[in-house]
1. Under 10 Å, Cα contacts only: if you run a Gaussian network model on the chain, which one of Ser141, Ser34, Ser193 comes out with the highest mean-square fluctuation?
2. Between Pro66, His125, Gln219, whose Cα lies farthest towards the positive end of the dipole of the chain when Lys and Arg beta carbons carry +1 and Asp and Glu beta carbons carry -1, centred on the Cα centre?
3. Length gain on complete extension for the stretch Arg166 to Ala220, per 0.36 nm per residue less the alpha carbon to alpha carbon distance?
4. Grab the Cα-Cα distance for Ala106 and His210, subtract it from 0.36 nm times how many residues apart they are, and report the gain in nm with one decimal.
5. Can you give the angle from 0 to 90° between the axis of helix 3-15 and the longest principal axis of the chain, with both taken from C-alpha atoms, to the nearest 10?
6. Taking 0.36 nm per residue of separation and subtracting the Cα-Cα distance, what length does fully extending Leu158 through His87 add?
7. Describe numerically, in nm with one decimal, the distance between label points set 7 Å from Cα along Cα→Cβ at Ile120 and at Gln189.
8. At 222 nm, what helix-only mean residue ellipticity would the chain give, in deg cm²/dmol to the nearest 500, using -39500 (n - 2.57) for each DSSP H run of four or more?
Amino acid sequence: MDIRLLRFFVAVYEEQNITAAAERCHVSQPSISSAIKQLESELDTPLFTRHKKGVSLTDSAHHLYPLASRLVNQMQTLPGLFRDKKHKQPVRIGNFHDLSQTEIAAFLTRLARSCPDILIEFVDHDDEADIRLTLDILKSSDEIFLPLWEEDYVLCMLPGHPLATRESIKPAELHQYDFIECPPCEAHQQTISLLACEGLAVNLVARAEHKTQVMHLVQAGIGISFLPTGVLESAKNLVTVPLDGPRMFRRIGICYTGRSASTPTIANVIRAVSSDSAALPA
């Protein structure tokens, strides 16, 4: 069906006068009349009753108008939709798993406000990307790291655990407690090494590759573990106890290559988040 037929129908419906509709659509009156007759023929139903003062609306016209009006409006906005899209420059952001959802949302909010002309494309951490939202220890040799926020590691457990009432705890006091390990985590390996140097050890009861998996195991009552505060934002049922010892934390930011930073779009993104980096200690 020709969209012009619906556009002419909407004009006649709203003006209730063929002459006024023709003027509104910048066509001749016979063109409007012919279009309405063609539309009535295609739909096999009368839409208007003609009289000297104009037209009267039939029940079929009342039923058709909401649909026709919506279709005409959609067709009119379609060209603008694609024009706007052409102006947006895509930026692929590789996102590391197990980061603070609050901080990620804040990062994206700042980015959207500072760079309204970009089209954000979130991809997996190891996919090809313009920048990566990741940990500083995962920076490649050819990348630049711009820090954004930090997350401290805390001991977490269910409320009924013997250590749940402590205000703080020394690593050595974890001796023989059921512990869930995250092998890729430097904080876990550091703690286990410190205990081994003193002839102590935790009782390893489970391992997991990702921090969220560790959190689920703790929530199931399998054991205790260290987790960064960002991961624990959603774990309202767990008790956390700070460590009494050297600070264990992880630093999160964006990684990018000098080549990608040379493009105007990525340069604007880096500039938009650089103010957040200035607040962190070197």
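1. The residue that fluctuates most here is Ser34.
2. So the residue furthest toward the plus end is Pro66.
3. Gain on stretching Arg166 to Ala220: 17.4 nm.
4. Working: separation 104, 0.36 × 104 = 37.44 nm, distance 2.27 nm.
So the chain would gain 35.2 nm between Ala106 and His210.
5. Tilt relative to the chain: about 70 degrees.
6. Values: separation 71, 0.36 × 71 = 25.56 nm, distance 5.08 nm.
Stretched fully, the Leu158-His87 segment lengthens by 20.5 nm.
7. So the two model labels end up 3.2 nm from each other.
8. Using -39500 (n - 2.57) per qualifying helix, the result is -13500 deg cm²/dmol.
Taken together, the values in this text are just the output of simple stated rules run on the coordinates, not laboratory data. Just so we're clear, the structure is a prediction, and the values are computed from it rather than from any experiment. Cβ atoms come from the backbone with ideal geometry, glycine included; neighbour counts cover every protein chain shown.
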